[in-house]
Amino acid sequence: MTPVVELSGVHWGPKRQADILHDLTFSVAAGEVLAICGANGAGKSSLLRLLYRHQAPRKGTVRLMGRDLWLMKAPEAARIVAAVLQEQPTDFALTTRQIVALGRLPHRKGFGPGTLDNAVVEAALRRMDLTAFADRPFGTLSGGERQRVMVARALAQEPQVIVLDEPTNHLDIRHQLELLALLRGLGLTVITTLHDLTLAADFADRVLVLHQGRIIADAPPSQALTEATIARAFNVTARVDRSGPAPRFSFQLHG
Ligand SMILES: Nc1ncnc2c1ncn2[C@@H]1O[C@H](COP(=O)(O)OP(=O)(O)OP(=O)(O)O)[C@@H](O)[C@H]1O
């Protein structure tokens with residue numbers, strides 16, 4: 001089956017500067033949940049930007065459903081991939097419902113939103129437990145509520161792939177677990193950066209570990225998040241205790 005997302009030999013760097021991402025090759029199947037882990041500056045957000053068509057590879061190709069992402073028009077790509085990013089809208093006067101409705105833009109054919117658009121927006125609000133906040137200005141919401149609005153906007157886009165940058169930031173423990181369970185339950189392809197290795201191990205089918213812009217592991221969590229890989233990626237001494245139902249990670253600065 002054609003992978004939903006496929007990178008081959010991808011390099012990327014800022015204009016007139018050396019490469020930051022080096023020779024990335026991997027693919028993600030329909031419905032798969034991929035966590036991208038790595039130290040600060042490893043290149044995780046830069047990699048995500050290649051997936052939602054924000055920046056083009058310097059070398060190599062990024063394919064969506066078998067087609068070169070850069071041979072698609074932006075709205076077409078946006079009907080396939082939705083992104084939930086750390087940066088949030090600055091128009092704080094918009095209501096929650098208006099922000100979620102922005103997710104319908106790539107689907108709009110006529111002028112205003114149609115009945116289907118409105119129904120999808122209401123369903124996304126319900127799914128993220130935001131109905132009570134629908135008419136509140138975005139600026140009045142808490143950090144965690146805003147994060148849920150951004151996920152609702154992505155759901156309103158009705159994508160096949162959802163790309164998220166540290167989606168559990170700002171969320172309390174319960175909302176972290178709820179969000180990850182909800183993402184898993186969508187049946188979509190999910191690609192997310194996660195700093196928390198315990199959450200990555202618990203939530204992802206596969207973990208891709210980036211180190212200085214290169215893939216140093218790409219495997220199911222138990223094979224990717226080994227003591228040796230964690231030590232290399234994060235420059236710490238790591239211990240993984242697999243005696244319980246879930247792995248327990250502990251870290252120390254090198255002695
Ligand atoms: N447009 C740019 N111009 C110059 N340097 C850039 C640009 N984009 C990214 N970088 C650099 O590339 C490296 C990787 O950045 P990136 O944001 O992808 O890392 P990250 O793994 O997401 O880090 P973090 O965990 O801190 O969010 C960093 O050193 C960053 O400063």
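The values are calculated or read from the model by the stated rules, or taken from the named source; none is laboratory data. Since we're looking at a predicted model, the values are computed, not measured. Here the Cβ positions follow ideal geometry from the backbone for every residue, glycine too, while neighbour counts run over all protein chains shown.
Descriptive notes on the structure:
- Residue match in region 70-77 (condition: under 26 Å from residue 125 (Cβ atoms) and within 16 Å of the ligand (Cβ to nearest atom)): no
- With respect to (1) under 30 Å from residue 47 (Cβ atoms); (2) in contact (Cβ under 8 Å) with a residue 24 or more places away in the chain, the lone exception for residue 71 is condition (2).
- Complete set of residues in region 67-113 that are over 19 Å from residue 169 (Cβ atoms), touching a strand residue (DSSP E or B) at 6+ places or on another chain (Cβ under 8 Å) and small (Gly, Ala, Ser): 77, 93, 103
- Positions within region 179-218 being of a type in the set (Asp, Glu) and within 25 Å of residue 79 (Cα to Cα), in sequence order: 205
- Just one of (1) closer than 21 Å to residue 161 by Cβ; (2) of a type in the set (Lys, Arg); (3) crowded, with 20+ Cβ neighbours inside 10 Å fails for residue 97. It is (1).
- Figure legend. Inter-residue proximity from region 10-31: first residues under 18 Å from residue 192 (Cβ atoms), second residues within 10 Å of the ligand (Cβ to nearest atom) and not hydrophobic (A, V, I, L, M, F, W, C), beta-carbon distance below 6 Å, spacing 6+ or different chains. Indicated pairs: 21/43; 21/46; 21/213.
- Identification of strands (runs of 3 or more DSSP E) wholly contained in region 165-255 with 1 or more residues that are within 14 Å of the ligand (Cβ to nearest atom) yields 189-193, 206-211, 214-219.
- Members of region 153-178 found to be on the phi < 0 side of the Ramachandran plot and modelled with pLDDT of 95 or more, listed by number: 153, 154, 155, 156, 157, 159, 160, 161, 162, 163, 164, 165
- The residues of region 137-179 that are basic (Lys, Arg), out of contact with any Leu (no Cβ under 9 Å at 6 or more places or on another chain) and in contact (Cβ under 8 Å) with a residue 24 or more places away in the chain amount to a single one, 146.
- Residue that is nearest to the ligand (Cβ to nearest atom), among those in region 1-60 that are surrounded by fewer than 17 Cβ atoms within 10 Å (Cβ to Cβ) and under 14 Å from the mean Cα position of the chain (by Cα): 45
- Failed item, numbered, when residue 45 is tested on (1) in contact with a Leu (Cβ under 6 Å, 6 or more places away or on another chain); (2) touching a residue at least 12 places away in the same chain (Cβ under 8 Å): (1)
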